[in-house]
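K.L.:
Below are the structure tokens for one structure; questions will follow.
The values are calculated or read from the model by the stated rules, or taken from the named source; none is laboratory data. Source: prediction; values computed, not measured. Quick reminder, even Gly has a Cβ in these numbers, built from the backbone with ideal geometry, and neighbours come from all protein chains shown. Just so you know, the surface numbers come from the protein's heavy atoms only, side chains and all, with ligands and any DNA or RNA stripped out. Shrake-Rupley method; radii C 1.70, N 1.55, O 1.52, S 1.80 Å.
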Amino acid sequence: MMGMDARPSSRGGESAASSGRSTPTRPQSASSTASNNRLSGKPMGAEKLLEMTAKIYKSFNPAQVTLDTHADQAIQEHQIYNSFDDVFIRQVLYGVVRYRQFLGSLMDSFYYYNSGVANRDDRDMYKIMAYLTIFRLEELGFANFRRLVDAKEPQKMVVFYRYLFNEAYLKEAVRDDWLKLYDKEFVDETISRLVSWAPEMSALLDSLEEKVYLTRKKTDESGAGPSTSGSASIGAGSASSGRGRTTQQEPFQLSQPRPRPLPVEEPPPPPIRPRPPPKLREGPTKEEMAIQAAKEANRKAAEEKLAKAAPFKLRVLERPTHIDAIRTEIEADLARELNFSGPKARPVPAPPQAQVKLNAAAILREDALYRKKQAEEADMLRKFESELRDASEFKAWQQRMLQLDEAAREASVERRRQEMGRAQDLAIAARQRQVDENLEVGRQLKAEAKRIEEELAREREEAVRAKQAMRETVVEARANIAVAAEKKALEKRLAAEEERRKQAADAKALAEQEIRELAEKRDIIMQLRALEKVPRPRVREFDPTSTPDHGLLETMSLVELRERLSVAKRRQREEEERQRVTILAQKQEREATLLNKAANIQRIRKVAAAQAQVRRASSKEEAAGVEVRAAARHEDDVLHLHGKLEAKRAAASAEKARIAAEQKKIKFEQMQQSAGAAAVEENKFRELRAGAQRELVGRQTSKLESATTWEATKSRQQAVRMRNVKQELRDKKDFLAAYDEKVAALTRQAGQEQAADSQYRSTLAGTQRAAETDARGRRAAASYKPGNSNSLQSRLQALSSGQL
């Protein structure tokens, strides 16, 4: 876990280390030590290692960066190259963060009982030492743990470990806080494991107290027997003998603050009693009737006055005008502006016929593409000669099948669109029924919510009464707090006075020890400086022809080394000249090849442009034919849809007329039956019963229709889906059977014609070799020569312009 030399793994080794004996380690050779330092870095001491760990932990902010990232950045920033130190810092950092609640409760209890002797700035240092002691003491070993403790200030370690190894504090104060966070078995096992190290820690704490108080603890004070081991000796406190009498401090006589009186509960306000609303009278009031009568009278008077008045004539209307001509001109201008089929724009000019400058990569890439196409065409011709057929028949059949599939797909889409339209009408009706049902359910839920709200109000009232009773109990219990607080404050003041006396004596002893250590260090420094000032002769002559005798291979003198270097440089220059000649020859050959390939590319591009123009013209004609057929199908669909809409409108008009006739008939019957009060009442009851019956029948019918429609739609969709799947499987099976039959026939035919094909290939290969030989001869005659003034770029430009 840490970069230390001694790592005992047994309790026996730990006890030996605590008694002052060092554990022997295996000696290492000089070469292995140097290699380890070079690879792992020089390890840090215990003090620097703990300081570095505390510094890295203190700078960690979990809200900004993760723990792993922070550890990597901190180790890289502080240049920690030793692997043991790296592992130690990471393990301690991860452990302290993992058990932060465990260590936090321990620190709270420690500072509560040792607030006068422990500095709160050392909280992070105490957390690290507590983690190493509680969780990593067995892994470290007591010898390495003692080195870590000795690296810190003895006074701080004495205070902390006296408290940590006090069994009474652990079981009474700390255990309750730990049980709030962890299981009982884990807490008890941790305390027992910690208490088991009490004998070794007792000896360590005695040695630390000897450093702090500059005296040895006596074992036969005032007739007491031998000191007990374990937690009893540690829990006895840190009292030391041989100290002089100190000044007794007396506390200030300060007046005790009086407890604040409890707030008086205000009585609840009286309930608000609103006045009853005024009585509402139906119909207009007298004032409204008078205002309405006045309005009617004023309106009649205004109508009579305006009826007697003569019309007003304008002189401007009698003058001659050209309003008709002006109106016609304005309308013509507006019509001219709204004429969107005006002059058309000129056509787009033809693209410039600029020659593209090709580099070597483009030439090679395009030449490879054309060679691949030539190989495919040659393969197709050989197959045609051997099989006496090509793929044109299959491609025509494939194109015809694709067109049939597209037509079937469009028909299926149209059929599904019509089905979806019918399904949409049914869905609208079903949604309206669902809205009505939801309204009914909403009314029921509102009634249920009102009942639940009343029950909650009753429960809140009961809770308020229970809390008022609890408050009265708490007020009575607070009366006894003042006496207990005063007693506790007196105990704390006495403990603080005792601790201040101890600190004064410790500070005086520590100052004397520092003075003695400073004098010893000053004497050692003066001796070292005197040794450094002694002169040493360092004169040595150098012979360039001599050979150093270090026992190494290939040892030579400086003169020989220089001579060998000159020979190596000369050989290197000769090799460079040879490579330069070779590269120049390769470059000339590559330029000639590129010129031939560029000429071939220009020729092929012209042919491809002509073929592309022909393909574009044919594709435009096919697209025009497809658009005409699609427009015809669209017109047929529009006419069919118009017929359906007209039929629906006629049906809706007939239904509306039937409903109007029925309502008229019902009104006539009502007028006939309104003769007497008994007849009216009977008619009303009969109408209510008939309405309820109609509503019930309509609801049952709508439910049945929706269910029947849903089942029919579902079954129809399933049938269509299964029919489509079966058709696809049948088509696939037929295609595979035809393909297998064709492949078998071709295989038989290929076996029969294999001999003829071999003879043909031999003849073709001979012809190709002769053509290649002739082409290489012509290329060598027209190849690029070093003395020629034309460059490769100028030849490419001439070739692209058609001069070559």
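K.L.:
Rounded to the nearest 0.05, what FRET efficiency is calculated for Lys664 and Asn298 with R0 set to 45 Å and r the Cβ-Cβ distance?
P.N.:
Values: r = 41 Å, r/R0 = 0.91.
Efficiency, rounded to the nearest 0.05: 0.65.
K.L.:
Suppose every Lys and Arg Cβ carries +1 and every Asp and Glu Cβ carries -1, with no other charges. What dipole size does the range 575-658 come out with about its Cα centre, to the nearest 20 debye?
P.N.:
Values: 18 positive and 13 negative charges, 45 e Å.
Roughly 220 debye, rounded to the nearest 20.
K.L.:
A further question follows. Does the range 358-408 classify as rounded, prolate or oblate by the C-alpha gyration tensor (a ≥ b ≥ c root eigenvalues; a/c under 1.5 gives rounded; else a/b over b/c gives prolate, otherwise oblate)?
P.N.:
oblate
K.L.:
Need one word for the range 526-600: rounded, prolate or oblate. Basis is the Cα gyration tensor (sqrt eigenvalues a ≥ b ≥ c); a/c below 1.5 gives rounded, then a/b vs b/c decides.
P.N.:
prolate
K.L.:
At 0.36 nm per residue, and after removing the present C-alpha to C-alpha distance, how many nm does the segment from Val720 to Leu704 gain when stretched out fully?
P.N.:
3.4 nm
K.L.:
Within 10 Å, count the other beta carbons around each residue, average over each peptide in 289-302, 544-557, and list them highest first.
P.N.:
Ranking, from highest mean packing down: 289-302, 544-557.
K.L.:
Further question on the same structure: So what J values fall out for the range 115-126 if you push phi through Karplus, 6.51 cos²θ - 1.76 cosθ + 1.60 with θ = phi - 60°, rounded to Hz, Gly and Pro as x?
P.N.:
Rounded to whole hertz, the list is 5, x, 10, 10, 8, 6, 5, 8, 5, 5, 5, 5.
K.L.:
If you rank Val174, Val464, Val483 by how much accessible surface each has, with a 1.4 Å probe, what is the order from largest down? Can you show the working numbers first?
P.N.:
Values: Val174 0, Val464 80, Val483 105 Å².
From most accessible down to least: Val483, Val464, Val174.
K.L.:
Quickly rank 591-602, 379-390, 157-168 as a protection proxy: mean count of other C-beta atoms within 10 Å, highest first. Could you put the intermediate results ahead of the total?
P.N.:
Numbers: 591-602: 17.6, 379-390: 12.4, 157-168: 20.6.
Output ranking for 591-602, 379-390, 157-168: 157-168, 591-602, 379-390.
K.L.:
Let me ask you something else. Can you compute the FRET efficiency between Phe735 and Ala599 using 1/(1 + (r/R0)^6), with r the Cβ-Cβ distance and R0 = 30 Å? Round to the nearest 0.05.
P.N.:
After rounding to 0.05, the efficiency reads 0.05.
K.L.:
What does the accessible area of Val614 come to, in Å² to the nearest 10, when a probe of 1.4 Å is used?
P.N.:
That residue has around 100 Å² of solvent-accessible surface.
K.L.:
Please work out the average accessible area per residue across the range 83-137, using the 1.4 Å probe convention, and give it in Å².
P.N.:
The answer is 39 Å² per residue.
K.L.:
Among the lysines, select those whose C-alpha is under 22 Å from the C-alpha of Lys286, and discard any that sit fewer than 8 residues away in the same chain.
P.N.:
Lys295, Lys300
K.L.:
Contour minus end-to-end for Arg778 and Lys58, with contour as 0.36 nm per residue of separation and end-to-end as the Cα-Cα distance?
P.N.:
250.9 nm
K.L.:
So for the pair Arg315, Gln374, with labels modelled 7 Å out along Cα→Cβ, what separation do we get in nm?
P.N.:
It works out to 10.2 nm between the two label points.
K.L.:
Next question, about the same structure. List, in the order given, every pair from Lys373/Lys620; Lys152/Lys502; Lys211/Lys492; Lys42/Lys521; Lys395/Lys733; Lys211/Lys502 whose Cα-Cα distance in the structure shown is over 18 Å.
P.N.:
Lys373/Lys620; Lys152/Lys502; Lys211/Lys492; Lys42/Lys521; Lys395/Lys733
K.L.:
In the full protein assembly as shown, how much of His642 is accessible to a 1.4 Å probe, in Å² to the nearest 10?
P.N.:
Roughly 100 Å² of His642 is accessible to a 1.4 Å probe.
K.L.:
Give the accessible area for Glu682 in Å² (nearest 10); use a 1.4 Å probe, count only protein heavy atoms, and leave out ligands, DNA and RNA.
P.N.:
Roughly 120 Å² of Glu682 is accessible to a 1.4 Å probe.
K.L.:
With a 1.4 Å probe and all protein chains kept in place, how do Ile128, Ile583 rank by accessible area, largest first?
P.N.:
Most to least solvent-accessible, the answer reads Ile583, Ile128.
K.L.:
To continue, here is another question. Could you calculate the FRET efficiency of Glu563 with Leu531 from 1/(1 + (r/R0)^6), where r is the beta carbon distance between them and R0 is 30 Å, rounded to 0.05?
P.N.:
Numbers: r = 46 Å, r/R0 = 1.54.
In this case the efficiency is close to 0.05.
K.L.:
Moving to a separate point now. Work out the length of the dipole vector of the range 309-410 about its Cα centre, built from +1 on the beta-carbon of each Lys and Arg and -1 on the beta-carbon of each Asp and Glu, and round it to the nearest 20 debye.
P.N.:
440
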